[in-house]
1. When the stretch 195-204 is examined, which residues are found to be out of contact with any Lys or Arg (no Cβ under 8 Å at 6 or more places or on another chain) and assigned to a strand (DSSP E or B)?
2. Within the stretch 95-107, can one find any residue that is closer than 28 Å to Val260 by Cα and out of contact with any strand residue (DSSP E or B) (no Cβ under 9 Å at 6 or more places or on another chain)?
3. What pairs come out if I take residues in the stretch 169-184 that are more than 20 Å from Ala138 (Cα to Cα) and pair them with residues that are of a type in the set (Lys, Arg) whose C-beta lies under 9 Å away, six or more apart or interchain?
4. Might you check whether a residue that is open to solvent by less than 30 Å² (accessible area, probe 1.4 Å), assigned to a strand (DSSP E or B) and either within 17 Å of Tyr140 (Cα to Cα) or among the small types (Gly, Ala, Ser) (or both) occurs anywhere in the stretch 60-78?
5. Could you go through the stretch 231-248 and let me know if any residue there is at positive phi, more than 19 Å from the chain's Cα centre (by Cα) and surrounded by 12 or more Cβ atoms within 10 Å (Cβ to Cβ).
6. Take the conditions within 21 Å of the chain's Cα centre (by Cα) and surrounded by fewer than 21 Cβ atoms within 10 Å (Cβ to Cβ) and apply them to Asp115. Does it pass?
7. Out of all the residues in the stretch 186-194, is one or more in a loop (DSSP other than H, G, I, E, B), of a type in the set (Asp, Glu) and surrounded by fewer than 14 Cβ atoms within 10 Å (Cβ to Cβ)?
8. Looking at the stretch 1-37, which of its residues are without any contact (Cβ under 8 Å) to a residue 24 or more places away in the chain and among the aliphatic types (A, V, I, L, M)?
Amino acid sequence: MLHYDSFFTIGKTHVVCEDYALHGDSPTPFLIVCDGCSSSPNSDVGARILALTAKTLVEKQVDNLISDYYLFGQRLIKQAADIAQKLPISLSVLDATTLIAYQTADSVRIYVYGDGTILLKNQSDKIDYINIEFTHNAPYYLSYWLTEERQQEYASHELYPLIIQDSRASQKENAIYHKPLIFEFSLTEYPTIAIASDGIGQCYNFSDGTRISLLDVATQLLAFKQVEGDFVKRRVKRALEQFAKQGIYAADDLSLAALVRTT
């Protein structure tokens, strides 16, 4: 049986939460996490537009777009831009990371547009992760897909800013900024698969400024005692309460969505 849930919360240093997460089950269980850019005004609005538009595209099975990373990304940002223009607000609100995970047969496929983290927990409860970031802290958002000018502007800063760190590998991978970020994992090998915003790597002990390792944070967030109902919400809230007692807080907004298969 497959269980799925999501949660997002504001970071300690933020006034407005720019993360948004949701999940659904039609036509297949899916997760969506979006993280707005702090330097782009109203990106919290853009994150919600992207997440809700992506949800609609998945549920309506529009032209089977979900099976194609590029086509799905193009349709998603175009429809989100149409919505933004009707409000009307600047298209810069769509400067937001988008992660989508969905079940396909006995596996989970994940698309990443921008940065974020994939968490994997195997049958022995060992946790691995794939962390995706950009050297100049400016992810290649879907909003750059809207115009050739913005793509060229982005490429002019650095051609290979993408860093992919897989905890199962010995070295980080440096890649071109527009590398398609497509991943697929077996639910048999990894009964727990989650996606998270980059806030998972921004937890600090505020008394001494020490950053808590991504693996330590992930271990706490994925320590599900039960996987019924709002299990992600319960676990993340509890973990953050336990961290707070130690003076540890998420500096950045944090969102997590997870799929758990039980026998």
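The values are calculated or read from the model by the stated rules, or taken from the named source; none is laboratory data. For clarity, every value in this text was computed on a predicted model and none was experimentally measured. When we count neighbours, we look across all protein chains shown, and the Cβ atoms used for this are built from the backbone with ideal geometry, even at glycine. Accessible surface is based on the protein model in full, side chains and every heavy atom, while ligands, DNA and RNA are left aside. Shrake-Rupley method; radii C 1.70, N 1.55, O 1.52, S 1.80 Å.
1. Residues satisfying the conditions are Ile195, Ala196.
2. At the first step, the residues of the stretch 95-107 found to be closer than 28 Å to Val260 by Cα are 96-107.
Those still in the list that are out of contact with any strand residue (DSSP E or B) (no Cβ under 9 Å at 6 or more places or on another chain) too: 105.
Yes; the residues of the stretch 95-107 include at least one that is closer than 28 Å to Val260 by Cα and out of contact with any strand residue (DSSP E or B) (no Cβ under 9 Å at 6 or more places or on another chain).
3. Phe183/Arg109; Glu184/Arg109
4. no
5. Yes.
6. no
7. Yes, the stretch 186-194 contains a residue that is in a loop (DSSP other than H, G, I, E, B), of a type in the set (Asp, Glu) and surrounded by fewer than 14 Cβ atoms within 10 Å (Cβ to Cβ).
8. Of the stretch 1-37, the ones without any contact (Cβ under 8 Å) to a residue 24 or more places away in the chain are 15, 25.
Hit for the stretch 1-37 is Val15, nothing else.
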